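Comments concern the structure below.
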Amino acid sequence: DGLFSTRLVWRAQLRYTHPHRSDPRGVSNFTTRSDSSNFEARRLRMKIGGHGFKPWIDYYFEVDLQPSRDVDDDAAASSARVIDYRITLQPIDEIGLRVGQWKIDFNRERVDSSGRQQFVERSIVNRVFTIDRQVGAQIRGRLFKETYADMRYWAGVFNGEGRSVNNPDNDMMYMGRLQWNFLGRDLKWRQSDVSFHKLPTGSLAFAAATNNGKCSRWSSSGCGNLSGLTGPSATSQNFKTEQYVQEFAFKYRGLSIQQEYHWKDVEDKRNMTVHKYKGMYAQAGYFFHGLVPQIPEKLELAFRYAFVDAPVASNVALTDEREEYTWGLNYFFSGHDNKITVDYSILELEDASTGMSYDDNRIRVQWDISF
Amino acid sequence: DGLFSTRLVWRAQLRYTHPHRSDPRGVSNFTTRSDSSNFEARRLRMKIGGHGFKPWIDYYFEVDLQPSRDVDDDAAASSARVIDYRITLQPIDEIGLRVGQWKIDFNRERVDSSGRQQFVERSIVNRVFTIDRQVGAQIRGRLFKETYADMRYWAGVFNGEGRSVNNPDNDMMYMGRLQWNFLGRDLKWRQSDVSFHKLPTGSLAFAAATNNGKCSRWSSSGCGNLSGLTGPSATSQNFKTEQYVQEFAFKYRGLSIQQEYHWKDVEDKRNMTVHKYKGMYAQAGYFFHGLVPQIPEKLELAFRYAFVDAPVASNVALTDEREEYTWGLNYFFSGHDNKITVDYSILELEDASTGMSYDDNRIRVQWDISF
Amino acid sequence: DGLFSTRLVWRAQLRYTHPHRSDPRGVSNFTTRSDSSNFEARRLRMKIGGHGFKPWIDYYFEVDLQPSRDVDDDAAASSARVIDYRITLQPIDEIGLRVGQWKIDFNRERVDSSGRQQFVERSIVNRVFTIDRQVGAQIRGRLFKETYADMRYWAGVFNGEGRSVNNPDNDMMYMGRLQWNFLGRDLKWRQSDVSFHKLPTGSLAFAAATNNGKCSRWSSSGCGNLSGLTGPSATSQNFKTEQYVQEFAFKYRGLSIQQEYHWKDVEDKRNMTVHKYKGMYAQAGYFFHGLVPQIPEKLELAFRYAFVDAPVASNVALTDEREEYTWGLNYFFSGHDNKITVDYSILELEDASTGMSYDDNRIRVQWDISF
């Protein structure tokens, strides 16, 4: 009936990589290359969503069915786990409430589903700057809809310890985001202009977040730490993090542009040091069929550049710089629901301690399909 | 068709607590208060049930999608896990057979679903006395239906090691329960008189259970031990447990009353000691709309008292006493399927070793919703 | 519509065993008998399959909901986990492509679902010789359909590290299988002639596989090692395995026959030794109702013999021999979807080091039901 609805989706993201499964980060990843030729179900997901009781009470659950693991990991490391659960009350566009655990709407690259990306994987910026999934509550809404002041806002409070973790203390994470839809139209959280926007559509956004706790970074596994910073088993409240992001996105007639600039300060309260990180990515894609009709209609070409500046953990005055250049090719059999992506990356590291530079490259092939 | 049916339910129990996530038990929980302000999905469940082959062959599976964890726990601790699976053959009311793993019908407070409670969580009695889920087989039935001798019975044999654990030896758990529906009507396993019983309905029950094995208590995690007793990795057959319970329940026109008295003896065969536990809770709730029409119809007020007498592990002649006073408030948007609960507790400990008394209080807010 | 279909099945395999849960293998399993009387949900499975986008794009997911565990295992050992995910493109019978993770079609006993067996569990051959589930890609097809040259073929490349494990290096597993349906009809991957083949149907197959890596055996848990060989945490590329199998299967009017002969060589590259294994099973079942109408129509009797020759790890010149004699009885309430199986085994070990022989027996009762 109209009061209840439900939809169940199964998704598989099947990937082949060579020679690196993930982005190389330290000098040793570049020099002592341990090549691997790997088939992987990078993401197996079960998604359930719908509404209940009222048309404006939405729910959504997402189960990560099988995180892949290394050969020396325990079998339990590949157990199924919930990553998203959220209930959204949105009686009117202007204000709503969401509670649960989800990627908390800090920046576009992270919130765009891994199945709605332009490349095989997110940029090198993601590991350092994502706030990922958090447990808590958030108000959210859209104001001045379809005017030049059209904007969305988000403000929330969370445990701040990442996926599924209880808060060990009274310190909460706070976040806010303001997004200006400067042409009066809203862009969905998805990359590539698959739906071929006939009217130019863009957004400019700023967001900030702060936390006191044991984590200096977050991922689908929960609370973690950046290279050189001590793990979550240490004494409470090690780190005060502050993060800011500027974000831009635009789509028009098969062209898509997306860019973010991140700042992140991590104050290590035990060692009395401050670690300052900066990062940026910019990417663009285009369906060249619009220019050259001989090129297949469902084929997109894309390019991405990214850099991450990270302090050397033992001497925060020094800054290592990593860069990524990625060329990507998407063939959308049925939009993002059934697509093949190939990408090729050149990955570079400038090591501040020695002044040496390193680089490597990587090829990835991926089929993403949802049933 | 009529031979097969199925029903899938998604349930979220979202909770905020301060300053204690669970009941404080030892002196240190009271004195060195480590306050925490915590959002939590206390229970995320997927439930599937139906019947197949015959109308009297029922099945039921329940998956606990994401047990929450502490910040220093491994990510795998939050993996999805089956908690219930059971198949029930009930060709006639008088006798049936259930096999599988489930909360084995020992006492009402435990068997009442966590989504059908009158307060945010079960009383302090539960941790010590619940037999929880076991793997095995049980006969069950209802005799003299709708007479003054109306009764239900249960008798079963189980591995006795808790959820999902194989029996390491030949010793089984045995349990029996007899429930007298003294007014000829049956009370469902759920608290609060949401359905507004127009006829008074009540039950009086007694149950007993005994086990030889490595566990001195059980929980959703499986086999565990009471404070001061040695864990399950020790030599086999450490503990002989014997348990008894008396239980009363009654509902009438918005009033609900429920009470249990528990005895539990744990014989530690290695240390040649007997640990004797006693516990009781009594609770009552009422929809005051029946008396004062200005009070909203869906609002229930409730109160619970409970105590647990537990021997000091190092000197079983001494007995610590814990007490709980909880005031609760339920607003049932749509019965137990969509409700908000707020409760406030005063929790006390009389420490037998020192003669000192301690107390603390706790506030909890919870939204329980099923789709 | 015709472009998408889906089917969800819940399956429970409930088992009672005494005195051994699994096959005894070493001398100590036979001599210091640690009897156990055990109820177990040996397999709780959720299966989802269907097709999408095209009628010839099939998908299939299988979740192992609760692996049972020992009393001293961590609770996370019983977490739900995906065991199968596979997408099959089969536009024509003659050639298709399958990608994902599944039991890679090496031998019939393993690929036959645990819910389509003739006995309570697979033979003693399975633990040593199964290649089980692997992550990768395979081509497959059926040629000369319904002629005397009717055959199926499979050829694939896989990570070779078992379920959900990433490949740590460039070495892949390769496998191939050729199956001759010598009567022009195909036999499904299921045991017992429940469907009562009116025409004789048989197959003869040969398969081979080879791998370089850390595993000397595989199971539902992933990568493992045979008794006496070092575990997967050791240095890379310990083992080069080569395996061959000959297989025969036949069904006609309630009679079913199935047999496999296995060879497996494991070269331990670190210790410079070669371990050579041989194994065989042969089984037959019959619905005697065809001969003696008084015997119930749904009752099958079956017998199986198996042996495994395995080198002594410390001296590969010596060979231990294990043998299995199993009598089985199936009552198929509703085919394999709802059946009760009882089997009784005599298990023997000839210990090469001492020349001694040992034997034991075992009874198992099982109800397998799918909803």
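With springs only between Cα atoms under 10 Å, which of A:Thr130, A:Thr341, A:Thr147 fluctuates most in a Gaussian network model of chain A?
A:Thr147
Long-range amide H contacts for A:Phe196: which residues qualify at under 5 Å (H placed 1.01 Å from N, peptide plane, sequence gap of 5 or more or a different chain)?
Excluding prolines and chain starts, which carry no amide H, the hits are A:Gly254.
Considering chain B as a Gaussian network with a 10 Å cut-off on Cα pairs, which listed residue, B:Met356, B:Met151, B:Met173, attains the greatest mean-square fluctuation?
B:Met356
Taking θ = phi - 60°, what integer Hz values does the Karplus form 6.51 cos²θ - 1.76 cosθ + 1.60 yield along region A:323-337, in sequence order, with x for Gly and Pro?
Couplings: 9, 9, 10, 10, 9, x, 9, 10, 10, 9, 4, 8, x, 6, 6 Hz.
R0 = 30 Å: FRET efficiency of B:Arg270 with B:Val312, Cβ-based, nearest 0.05? Numbers along the way, then the final one.
Details: r = 18 Å, r/R0 = 0.60.
Computed FRET efficiency for B:Arg270 and B:Val312 comes out at 0.95.
Would you be so kind as to identify which of B:Leu65, B:Ile124, B:Gly100 lies farthest towards the positive end of the dipole of region B:1-130, taking Lys and Arg as +1 and Asp and Glu as -1 on Cβ and the Cα centre as origin?
Of B:Leu65, B:Ile124, B:Gly100, it is B:Ile124.
How much accessible area is lost when chains B and A come together, counting both sides, with a 1.4 Å probe, in Å² rounded to the nearest 100?
3000 Å²
Roughly how many debye, to the nearest 20, is the charge dipole of region B:5-370 about its Cα centre, given +1 on each Lys and Arg Cβ, -1 on each Asp and Glu Cβ, and no other charges? Spell out each step's value before the answer.
Values: 48 positive and 46 negative charges, 238 e Å.
Dipole size: approximately 1140 debye.
Residue-wise, which Karplus ³J(HN,Hα) couplings in Hz belong to region A:113-118, taking 6.51 cos²θ - 1.76 cosθ + 1.60, θ = phi - 60°, and x for glycine or proline?
After applying 6.51 cos²θ - 1.76 cosθ + 1.60, I find 4, 4, x, 10, 8, 8 Hz.
Taking the Kirkwood radius as the inverse of the mean 1/r across Cα pairs, report the Rg/Rh of region C:86-370.
0.98
What is the residue of chain A with the smallest Cβ distance to the axis taking A onto C, and what is that distance in whole Å?
Nearest residue, distance rounded to whole Å: A:Ser79, 2.
Can you check what the net charge comes to around B:Ala155, using other residues whose Cβ is under 15 Å from the Cβ of B:Ala155 (Lys, Arg +1; Asp, Glu -1)?
Spelling it out: positives minus negatives among the neighbours equals +3.
Find every distance from the label point of C:Ile257 to the corresponding label point in the other copies (7 Å from Cα along Cα→Cβ) and write them in nm, one decimal, shortest first.
Here the equivalent label points are 7.5, 7.5 nm apart from this one.
Under 5 Å between amide hydrogens, which residues at least 5 positions from A:Arg43 or on another chain qualify, with H placed 1.01 Å from N in the peptide plane?
Residues meeting the amide H criterion: A:Gln13.
Through the Karplus equation 6.51 cos²θ - 1.76 cosθ + 1.60, θ set to phi - 60°, convert the phi angles of region C:346-353 into ³J(HN,Hα) values in whole Hz; use x for Gly and Pro.
Couplings: 10, 10, 10, 9, 9, 8, 5, 5 Hz.
Under the convention of a label 7 Å out along Cα→Cβ, give the distances in nm from A:Ile346 to the same position in every other copy, shortest first.
7.4, 7.4
Reachable aspartates and glutamates from C:Lys54, Cα under 12 Å, same-chain residues fewer than 8 places away excluded?
C:Asp1
Using the basic label-point model (7 angstrom from Cα toward the beta carbon), what is the A:Ile340 to C:Gln246 distance in nanometres?
Computed distance between label sites A:Ile340 and C:Gln246 equals 4.1 nm.
Would you compute, from DSSP H runs of 4+ residues alone, the mean residue ellipticity of chain C at 222 nm, taking -39500 (n - 2.57) per run and dividing by the full residue count, rounded to the nearest 500?
Estimated from H runs of four or more residues: -500 deg cm²/dmol.
Work from the charge dipole of the protein assembly as shown (Cβ charges, +1 for Lys and Arg, -1 for Asp and Glu, about the Cα centre) and give the residue of C:Phe303, C:Val157, A:His197 farthest towards its positive end.
Positive-end residue among those listed: A:His197.
What size of dipole, in debye to the nearest 20, comes out for region A:20-99 about its Cα centre when the only charges are +1 on Lys and Arg C-beta atoms and -1 on Asp and Glu C-beta atoms?
Value, rounded to 20: 120 debye.
Enumerate by residue number the trypsin sites (Lys or Arg not before Pro) in region B:123-212 meeting two conditions: DSSP loop (anything except H, G, I, E, B), and at most 11 other Cβ atoms within 10 Å of the site's Cβ.
B:Lys188, B:Lys198
Nearest 20 debye, what's the magnitude of the dipole of region B:138-225 about its Cα centre given +1 on Lys and Arg Cβ and -1 on Asp and Glu Cβ?
Values: 12 positive and 7 negative charges, 58 e Å.
I would put it at about 280 debye.
List every residue whose amide H lies under 5 Å from the amide H of C:Arg364, counting only residues 5 or more places away in sequence or on a different chain, with H placed 1.01 Å from N in the peptide plane.
Amide H to amide H, under 5 Å and 5 or more residues apart or across chains, C:Arg364 pairs with C:Asp343.
Put a label point 7 Å from Cα along the Cβ direction on C:Phe206, then list its distances to the equivalent points in the other copies in nm, shortest first.
Those separations, rounded to one decimal, come out as 7.4, 7.4 nm.
How much net charge surrounds C:Lys198 when only other residues with a Cβ under 13 Å from its Cβ are counted (Lys, Arg +1; Asp, Glu -1)?
Value of the local net charge: +2.
Kindly sort A:Phe144, B:Phe53, C:Phe119 by accessible area of their heavy atoms, largest first, with the probe set to 1.4 Å. Spell out each step's value before the answer.
Values: A:Phe144 120, B:Phe53 35, C:Phe119 5 Å².
Of A:Phe144, B:Phe53, C:Phe119, the descending order of accessible area is A:Phe144, B:Phe53, C:Phe119.
Mind checking which lysines have their Cα closer than 27 Å to the Cα of A:Lys240? Skip sequence neighbours fewer than 8 apart in that chain.
A:Lys103, A:Lys214, A:Lys264, A:Lys269, A:Lys276, A:Lys278
Return the single residue from C:Ser219, C:Ser357, C:Ser114 with maximal mean-square fluctuation; model: Gaussian network over chain C, springs between Cα atoms under 10 Å.
C:Ser357
The values are calculated or read from the model by the stated rules, or taken from the named source; none is laboratory data. Please read these numbers as outputs of a predicted model, since none were measured by experiment. Cβ coordinates were reconstructed from backbone atoms using ideal geometry, including for glycine residues, and neighbour counts include every protein chain displayed. Protein only, heavy atoms only, side chains kept; ligands, DNA and RNA dropped before computing areas. Shrake-Rupley method; radii C 1.70, N 1.55, O 1.52, S 1.80 Å.
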